[in-house]
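Here's the structure, in structure tokens; my notes come after.
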Amino acid sequence: MDKNTLDEVIACLPEGRTFYHYHRDRYVLLLLEQLQREHGYTDIRSLRQTAHAGLLQKNFVREWLATQGRADVPLDTLLQHWPQALPHYTYLLSLGRWGQDKYNTWRQTSRPGWNLVLHLNLPMQHQRMMQAACDMDVMELQWRGHPRTDDRLTLAWSRIDLDWDSNEALIEEVQSDWVRHVRGLQHRARFAQERGRQTVYWRRGEMEVSRLQRYAGFLLAQEKIWHEAMLSATLWFLWHELGIRRVYYHSWQTGNAVKHLTPDCAPPRSLYSELPERFGFSRCAQGPDFLEGNRHVQKVRRRQQDWSWYHWAA
């Protein structure tokens with residue numbers, strides 16, 4: 001998108017703290033809420049007769065339904081359910097910019113221009129714990145070559161391209177550097193501990209092994225859910241804050257081709273296959289209209305045998 005459109009989008013998110021609360025599989029309730037808005041489902045019984053009945057098979061939903069003792073439970077009641085037994089997490093959302101006016105393949109955008117970045121930021125407790133483990137500014141541990149915030153540790157981010165005229169959005173990328181960095185530091189800490197060392201050296205500073213391991217255990221409890229929390233927050237933002245209804249997502253092969261990603265730079269395949277499919281995205285042979293008409297994308301398409309995308313539609 002162009003810079004003016006990007007600035008307009010960023011103005012849509014209220015300034016200050018925007019909290020996003022999440023527990024594992026909570027995306028199911030987000031999808032059910034969107035289906036309710038689109039189709040007017042009123043109770044669980046009516047939903048069981050549709051192609052979306054599989055969303056009711058998640059454990060926390062099944063366990064809750066078993067306590068209700070009736071088949072016509074109002075859908076609104078389920079949408080308000082928060083399972084106390086599941087660990088829950090609080091994040092802070094913020095917006096940023098990524099790209100440039102002149103096309104540069106290093107930016108990994110599907111077309112020339114800018115992407116909106118939605119950051120999923122960690123609460124201050126993470127920053128304090130990590131700062132206690134090292135003798136350098138903890139914010140310097142984040143890689144500057146990727147989208148990040150300057151005052152919060154960023155757990156993950158998504159990059160988004162959109163077009164107001166077609167009411168379409170493309171989720172370009174879902175990624176986390178922080179989980180990978182902390183996992184790598186955890187391995188270093190274990191290696192040091194096995195050799196009787198109390199500290200590890202990292203990026204011009206030292207880190208205390210015991211505190212680093214404590215933080216790694218604290219963060220990596222979220223290792224298996226960061227991607228679904230990030231995609232869930234992205235869909236929530238697109239649907240509820242921006243009012244965009246047609247959402248696309250890259251498939252692994254086509255996305256790599258459009259963004260000129262070589263095999264050594266390609267992202268994990270599961271993020272562009274298993275993740276969108278879990279959220280109910282369907283494979284399709286046509287991408288967003290605002291991309292299909294772009295000369296750069298058309299040039300790539302002529303060279304591709306497999307041209308496929310993911311599309312979410314209620």
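Laid out as a table, the results:
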item: Where segment 86-149 is the region considered: accessible area per residue in Å², 1.4 Å probe; result: 44
item: In sequence order, calculated HN-Hα J values of segment 238-255 (Karplus, 6.51, -1.76, 1.60; Hz; x Gly/Pro); result: 5, 6, 8, 8, 9, x, 8, 10, 9, 10, 10, 8, 5, 7, 5, 6, 5, x
item: Segment 164-314, accessible area per residue, ligands and nucleic acids excluded (1.4 Å, Å²); result: 48
item: Extreme residue, positive dipole direction of the chain, given options 213, 260, 44 (C-beta unit charges); result: 213
item: Peptides ranked, highest mean first, by Cβ atoms within 10 Å: ranges 303-312, 46-55, 110-119; result: 110-119, 303-312, 46-55
item: Geometric extent, Cα atoms of the chain - Rg, Dmax (angstrom); result: 21.1, 62
item: Per residue, the convex hull volume that the Cα atoms of segment 1-109 enclose (Å³); result: 166
item: Accessible carbon and sulfur surface of the chain relative to its total accessible area, %, 1.4 Å; result: 46
item: For residue 170, residues with placed amide H under 5 Å, excluding near neighbours; result: 161, 162, 248
item: Rounded Å value of the spacing that divides the Cα centres of segment 1-75 and segment 117-160; result: 28
item: Partner aspartates and glutamates for residue 102 [C-alpha distance under 12 Å; skip if fewer than 8 residues away on the same chain]; result: 2
item: 222 nm mean residue ellipticity, helices alone, for the chain (DSSP H n ≥ 4; -39,500 (n - 2.57); rounded to 500); result: -10000 deg cm²/dmol
item: DSSP-loop GluC sites (Glu not before Pro) across segment 12-41, with at most 12 other Cβ within 10 angstrom; result: 15
item: Local electrostatic count, residue 85, Cβ distance below 13 Å [Lys/Arg +1, Asp/Glu -1]; result: -1
item: Of the trypsin sites (Lys or Arg not before Pro) in segment 138-217, those whose Cβ has at most 14 other Cβ within 10 Å and which sit in DSSP loop; result: 144, 195, 197, 203, 204
item: Partner lysines for residue 58 [C-alpha distance under 18 Å; skip if fewer than 8 residues away on the same chain]; result: 224
item: Within the chain: Cβ-based charge dipole about Cα centre, in debye rounded to nearest 20 (Lys, Arg +1; Asp, Glu -1); result: 980
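The values are calculated or read from the model by the stated rules, or taken from the named source; none is laboratory data. Values in this document were obtained by computation on a predicted structure and should not be read as measured data. Using ideal geometry, Cβ is built from the backbone for each residue, glycine included, and neighbour counts are taken over all protein chains shown. Ligands, DNA and RNA are stripped out before the accessible areas are found, and what is left, the full protein with its side chains, is counted by its heavy atoms. Shrake-Rupley method; radii C 1.70, N 1.55, O 1.52, S 1.80 Å.
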